[in-house]
1. What dipole magnitude, in Debye to the nearest 20, does the chain give about its Cα centre under +1 on Lys/Arg Cβ and -1 on Asp/Glu Cβ?
2. How far apart, in nm, are two points set 7 Å out from the Cα along the Cα-to-Cβ line at Trp500 and at Arg101?
3. Where the only charges are on Cβ atoms (+1 Lys, Arg; -1 Asp, Glu), what is the dipole of region 118-242 about its Cα centre, to the nearest 20 debye?
4. Explain nothing, just compute: Karplus ³J(HN,Hα) = 6.51 cos²θ - 1.76 cosθ + 1.60, θ = phi - 60°, for every residue of region 433-441 in order, whole Hz, x for Gly and Pro.
5. Can you run phi through the Karplus equation (6.51, -1.76, 1.60; θ = phi - 60°) for region 219-229 and list ³J(HN,Hα) in whole Hz, with x for Gly and Pro?
6. With θ set to phi - 60° and the Karplus curve 6.51 cos²θ - 1.76 cosθ + 1.60, what are the ³J(HN,Hα) couplings of region 301-308 in order, to the nearest whole Hz, using x for Gly and Pro?
7. Can you give the % of DSSP beta bridges in the chain that are antiparallel, to the nearest 5?
8. Tell me, what is the per residue accessible area of the chain in Å², probe radius 1.4 Å?
Amino acid sequence: MRAGSDSTQVHASASPIPAGPEAAAAIRGDAPRTIRLHETDNVAIVVNAFGLPAGTVFPDGLTLTEFVPQGHKVALTDIPAGGLVRRYGEVVGIALRDIARGSWVEESCVETPTAPALDALEKATRVPAPLPPLDGYTFEGFRNPDGSVGTKNILAISTSVQCVAGTLEVAIRRIRSELLPRFPNVDDVIGLTHAYGCGVAINAPEAVIPIRTLQSLAQNPNFGGEVMVVGLGCEKLVSERLVPAGAAAEGSVVRLQDERHEGFGSMIDSILAMAEDRLAVLNARRRETCPASDLVVGLQCGGSDAFSGVTANPALGFAADLLVRCGATVLFSEVTEVRDAIHLLTPRAATPEVADALIREMAWYDDYLAKGGADRRANPSPGNKKGGLNNIVEKALGSVAKSGTSAIAGVLAPGERVRETGLIFAATPASDFVCGTLQLASGITLQVFSTGRGTPYGLVQAPVIKVATRTELSRRWSDLIDLDAGRIATGESTIAEMGWELFHLILDVASGRTQPWSDRWGLYNDLTLFNPAPIT
């Protein structure tokens, strides 16, 4: 069931709350509130920013037997040992001991359920009917020769091996100081640097993932099709492999070991000369009015909490539906945060083949984790648990709310470029940095990132809109958070209202009319390749 549906229930109590160090909410006059997401749920989460103390009484007679922190679950009924704990209308845990009504349902008293079996899933059995199209929505973007549209105008310089990263950094400093002032229409010059290219098993089967990722990254629409590669000359990943098929490698590659280079200064001069040619092309780009169907938007969450599936992610899902109705492309990802909700997704696949592709990516990752002696239960972080998420099942059910309600039109393996429109699942690890890198490779030109605990995340390659799950976080991090979805939990806004607000913000950010906080600060993460292949 989609979080935030009509069955969401908010309970408020007018009963007095006993004084004490944990009763700050009562001192401020906040009415105690919990949220129950589905009529079959036997737990609800506490809304109040400082939690609720023992003795809090609700209109239905529910009385807290102990302090329950914000976002954490309270038992609405007696749950016997071995009984099922339900949230989102789904089983999120098995009680390890008797849990009394009014008790805090914390991590130590809940066992993680078994993941859904992949060989018994429904496939394309409940494909959502297309929602009415949305016409007339536009943004100001940079149209490329191949028809794609960027939201930034950046010269991106690829590297074929980690050995040249330092040299490229020196070159970029000079490009920014000596060349960029002459090309005012170019936003920036950046290096697509990484820790790959040599000392690796370059022909191992899974090496296709990092190599494909680097090939795809260079072709992100925000880079205008101007591919440039700096290599060393003796690495395993030869520079020509990063030049798009059909393009001439000559004039697109600088090799530091080439005999024409007489010392370090000569290498830098060669990089600057090649960059200058490309800057001249990019400087001719101008924003033009483009239909919203040209957008490619990535959805991601990090530092998640129990509110992620109640506020921010349902708002992202509503905005995703609006974008799909406009004909745009929307990517959601993070395999381990989809795995335990896969039974809700394969029925939504547009075709059985799309469902099979979803299952393929789940199975691949199950095997990948097993080879490393781990499984999906290793995913939740200490911060996730502190924010009220007991286990990966609860986290996954909140995470998939980002996908909205549209049919799933396609599936991408890690690093593959998107070629379809609509709602797409792009398989990635759940790591913020690896997921961001892979979504860029798949072609996103803007990302929306939800967070409950807070994380100073940003991408230089594409604008990132940060959405807070809680108003308390949005207030504390007012110069990092772009949108406060916590207003859904307090009843100040609905999911639909917040989804529309986010949709319009996406159009403004894509047009360059509004800068998200990460761009205003210049707050950017390094690229992080996903490399499951051996390192030699």
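The values are calculated or read from the model by the stated rules, or taken from the named source; none is laboratory data. Worth saying up front: this structure is predicted, and the values here are computed from it rather than measured. Positions of Cβ are backbone-derived with ideal geometry, glycine not excepted, and every protein chain shown enters the neighbour counts. These area figures cover heavy atoms from the full protein model, side chains too; ligands, DNA and RNA do not enter into them. Shrake-Rupley method; radii C 1.70, N 1.55, O 1.52, S 1.80 Å.
1. Roughly 380 debye, rounded to the nearest 20.
2. With each label point 7 Å from Cα toward Cβ, the separation is 4.0 nm.
3. Charge dipole, region 118-242, about its Cα centre: 180 debye, nearest 20.
4. Calculated HN-Hα couplings, in order: 6, 5, 4, x, 4, 5, 5, 4, 4 Hz.
5. Coupling constants for region 219-229: 9, 4, x, 6, 9, x, x, 8, 7, 9, 10 Hz.
6. Values, residue by residue: 9, x, x, 6, 9, 5, 7, 4 Hz.
7. Bridges in the chain are about 45 percent antiparallel.
8. I get 38 Å² per residue for the chain.
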